[in-house]
């Protein structure tokens, strides 16, 4: 049996007798330089709004009012952080968001993993029907008004379940996880069956430990979706004590926009500047948990998505 080695690009011989590889050519160096500059510019454009918000959160309202804040704080100020930290409504909404994210992600992962494992088995009766129902919901939905009527009829309005349950299963995540389960060797499950394990034991003791990359990826997807979601709470929640922090931030921005549009006087402009400072502080405090969690899950991100979406 003859093994074929990976194809390599031969070096080019020059007059002096030395060989020049493809990475030593002038064209390759020029391409690398241009590519680096373009990517740095793209990163700068993407990071500029975020850096500006950070700068505004540490700046004085007067500097924000004068339009002096760009990427560096002007009139360094920590009073707004102290004021927001003493705001009980903000921390109540923050706690609600943590609760919604934890419960929602836990429920979503249980439902998604079990559903995906079931429909990944070719011998399952009605498998095509179940997959068809899931895919159908990707393209068609009832709309805002029917969903509102359904949530109200089920008695979930003004409860945390109105925020958690409607997004419990993402069909995209379901199909990615199904493809991942189908790529696992069937011999492992057959050996486990010979050893006396049932389907539930195989799923918990064999399949899930081998699925850490795709599970970490789906946890990231679900947790970010629940953390950033405000529209469901905006539709279904009337009690302020149930608001998530994103809805609190939305109301803060909407109130500041209304004040800025209605106040043409100098006092109104000052109020808008103070509100902009509070908005920036609230935004930073809202996104800090996701920024802290993402680096630990990011290493599973690419591998989890590719393992669940590419078969070969």
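Read-outs throughout are calculated quantities, based only on the coordinates presented, and are distinct from any laboratory measurement. Just so we're clear, the structure is a prediction, and the values are computed from it rather than from any experiment. With ideal geometry, Cβ positions are generated from the backbone for all residues, glycine too; neighbour counts draw on all protein chains shown.
Summary of computed values
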{"item": "Stretchable slack from residue 39 to residue 187, in nm (0.36 nm times residue separation minus alpha-carbon distance)", "result": "48.8 nm"}
{"item": "Residues of the range 22-66 with amide N under 13 Å of the 7 Å Cα→Cβ point at residue 291", "result": "47-58"}
{"item": "Distance between modelled label sites at residue 251 and residue 152, nm, 7 Å Cα→Cβ extension", "result": "2.0"}
{"item": "Convex hull per residue volume in Å³, alpha carbons only, for the range 76-180", "result": "165"}
{"item": "Residue order, fewest to most beta carbons within 10 Å, for 181, 243", "result": "181, 243"}
{"item": "Sequence ranges 34-45, 151-162, 166-177, ranked by mean other-Cβ count within 10 angstrom, highest first", "result": "166-177, 151-162, 34-45"}
{"item": "Using a Förster distance of 51 Å, the FRET efficiency for residue 78-residue 28 (Cβ separation, nearest 0.05)", "result": "0.55"}
{"item": "Ranked by how many other beta carbons lie within 10 Å on average, peptides 136-149, 224-237 from highest", "result": "224-237, 136-149"}
